[in-house]
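Read the structure below first, then the notes.
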Amino acid sequence: MQYSKKVLQHFTKPHNQGVMKNPSGVGMVGNPVCGDLMKIYISVKKDKQKGEYIKDIKFETLGCASAIATSSMVTDLAKGKTIEEAMEITRNDVADALDGLPPIKMHCSNLADEALHEAIKDYRKSLIKN
Amino acid sequence: MTKPIYLDYAATTPVDKEVLQAMLPYFCENFGNAMSIHSFGQEAMQAVDQARQNMADFFSCTPSEVIFTSGATESNNLAVKGVLKAYYAQASKNLLKPHIITSLFEHHCVLDSVRAVEKEGLAEVTYLRPDKNGLVRVTDLEKAIQSNTIFISIMYVNNEIGTVQPIGKIGKLVKKINTTRGAQVFPIVFHTDATQAINYFDCHVETLGVHLLSMSAHKIYGPKGVGALYIKKGTPIRKVQDGGDQEYKMRAGTHNVTGIVGLGKAIELVQKNQAKENKKIQLLRDHLIEKVLTEIPQVRLNGSKTHRSPNNTNFSFASVEGEGLLLSLDMEQISCSTGSACSSGALSASHVLLSIGLRPEEAHGSLRMTIGKFTTKAEINTTVKKLKIILTRLRKISGSVLDEYYAKK
Ligand SMILES: Cc1ncc(COP(=O)(O)O)c(C=O)c1O
Ligand code: FES
């Protein structure tokens, strides 16, 4: 199995890694049985022109190199985007941005988009509650 | 560049230079087919005979009880399927469906062979669960034996956790049962996959009480693609590969003369150096275990510490996934192995680690480091040093997601 250079870069030096205090939303996906657990924190701000957008984003991931790299990449892709735009990010976008993933890694390690979407849903839910 | 550190001797070993030297003449000069009558053939056959003698010396059996194969996978397949074939070849019309006993943590080539005959409806199977230390209990095995049990396959040393199974005790039990069964009834054939045991343990077949024993050359500093099956004289077993009359008609196919010569030399070296090498390797292993357990937090050693191969370590590190760990070590030129599913393309974590009761994430976070005769203390110290740095990094990335996951459940 061969990882692209990009995957290895994001694995060894992941972007936006860490915890966020007082996030607007949090999403966690995955399952220890298959090996990958991902958590994404977002901080949402309002902008007059853009509307609601992701001002800051962080991740924590227990998983293989590919899981860490996809987490890192999804934070790059989402940062600065409006939440509508961020909802449109797919696992294929993440894989493409990493110059591809080995076929067996497409499923269980490529959940970062879901974690992001969960975080956005979590944010929306919190709006309704308040 | 520093020299790469190889800590995966249970996967395979480098060919010993002496072994290579012994093999070389049989490629271009003495290249004959061992079944040919002319002098080229005779030379090749002499070399095969010498290798067979070396094997017989090592196992304390007669040369005609040694069948050369392409490796332990073939030997194990032949053992399982060949004995079953012999069972069904009996004259009696109303044969009971036979019963096989094996363990849940055998190598895949044994498990899959047994599953294959089970699926075909040719046998019913009991899979024994080892205890949490990675040992098959003889009492469990004894309880599982039925009147239609004809085959027991228990590995000598587990390839992932290095635990040593009570083969001699099982051998005694089988012998006792076979004596009471009498000569008229199909006996229990006892097979052991000794692939990981050859380097370090007593393999006298009479002491072990086995009818069949599998092994492979590439785990003992010999070449890949050659191995052997010991078949005790009189054991009911049929060939499964048809063709020529090689190997006492048990295994058709032109002899892999160079490979067999290499295996013969490798086993000779094991016999000569075993006692000395064992001590050295065990000291290094104990040093490695001690260092990891004392210097790294949140770690466990998988498998019994005492009933363990001198070359094996297997740890689980909390909040880390094995593939990333392996890859990070590889970037530092350190080669190991893991029971994580995701490094191999398999769908679930190591069946061995799960069978001894590890949770999936503990199996995913496992690292097997197996040492060998070229391992040095400096290499072990370097490895632990790098390992600490890598674990700190990966644990920072995973944070507390695992705890949170369980808190939510
Ligand atoms: C216990 C055990 N059995 C069987 C095998 C398979 O051996 P071979 O590679 O010779 O087919 C191995 C090695 O992978 C092993 O460790
Ligand atoms: S841990 Fe399963 S693919 Fe990553």
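The values are calculated or read from the model by the stated rules, or taken from the named source; none is laboratory data. The structure presented is a predicted model; accordingly, all values stated were derived computationally and were not measured. Ideal geometry is used to build each Cβ from the backbone, glycine not excepted, and the neighbour counts take in all protein chains shown. Just the protein is used for accessible areas: all its heavy atoms, side chains included, with ligands, DNA and RNA removed. Shrake-Rupley method; radii C 1.70, N 1.55, O 1.52, S 1.80 Å.
Things to note:
- Fraction of accessible area attributable to carbon and sulfur, the protein assembly as shown (%, probe 1.4 Å): 54 percent
- With θ taken as phi - 60° and the Karplus curve 6.51 cos²θ - 1.76 cosθ + 1.60 applied, the whole-hertz 3J(HN,Hα) list for region A:22-38 is 6, x, 6, x, 9, x, 10, 9, x, 7, x, 4, 8, x, 10, 10, 10 Hz, x standing for glycine and proline.
- For region B:177-209, chymotrypsin sites (Phe, Trp or Tyr not before Pro) meeting the loop criterion (DSSP other than H, G, I, E, B) and having at most 16 other Cβ atoms within 10 Å: none.
- Chains B and A together bury some 2200 Å² of accessible area, summed over both sides, with a 1.4 Å probe.
- The string of couplings for region B:66-80 from the Karplus curve (6.51, -1.76, 1.60, θ = phi - 60°) is 10, 10, 7, 10, 8, x, 5, 4, 5, 4, 5, 4, 4, 4, 5 Hz, one whole number per residue in order, with x for Gly and Pro.
- Other residues whose C-beta falls under 10 angstrom from the C-beta of residue B:375 contribute a net charge of +3, scoring Lys and Arg +1 and Asp and Glu -1.
- Prolate/oblate/rounded call for region A:40-130, Cα gyration tensor, a/c under 1.5 rounded: prolate
- The angle between the Cα long axis of helix B:377-398 and the longest principal axis of the Cα atoms of chain B comes to about 60 degrees, rounded to the nearest 10.
- Normalised per residue, the accessible area of the protein assembly as shown is 44 Å², obtained with a 1.4 Å probe and no contribution from ligands, DNA or RNA.
- Amide H within-cut-off set for residue B:71, under 5 Å, with H built and near neighbours excluded: B:227, B:228
- Cα-based shape type of region B:42-177, given that a ≥ b ≥ c are square roots of the gyration tensor eigenvalues and the cut on a/c is 1.5: oblate
- Semi-axes of the equivalent ellipsoid of the protein assembly as shown are 51, 26, 21 Å, computed as sqrt(5λ) over the eigenvalues of the C-alpha gyration tensor in descending order.
- Proximal lysines relative to residue B:377, as straight alpha-carbon distance under 21 Å, when same-chain residues fewer than 8 apart are discounted: B:3, B:276, B:279, B:280, B:291, B:305, B:385, B:386, B:388
- J(HN,Hα) series, region A:93-98, from Karplus relation 6.51 cos²θ - 1.76 cosθ + 1.60, nearest Hz, glycine and proline x: 4, 5, 4, 4, 5, 8
- Bridgeable aspartates and glutamates around residue B:119 (alpha carbons under 20 Å apart, same-chain partners fewer than 8 residues away excluded): B:74, B:106.
- Neighbours of residue B:240, meaning other residues whose beta-carbon lies under 11 angstrom from its beta-carbon, give a summed charge of +3 when Lys and Arg score +1 and Asp and Glu score -1.
- Under 19 Å from the Cα of residue A:58 - aspartates and glutamates, other chains or at least 8 residues apart: A:36, A:76, A:84, A:85, A:88, A:93, A:113, A:114, A:118, A:122, B:403, B:404
- Spin-label proximity, residue B:330 to region A:1-27 - amide N less than 20 Å from point 7 Å beyond Cα toward beta carbon: A:1-14
- Cα-based convex hull, region B:17-269, per residue volume (Å³, whole number): 122 Å³
- Over chain A: helical MRE at 222 nm, DSSP H runs n ≥ 4 each giving -39500 (n - 2.57), nearest 500: -12000 deg cm²/dmol
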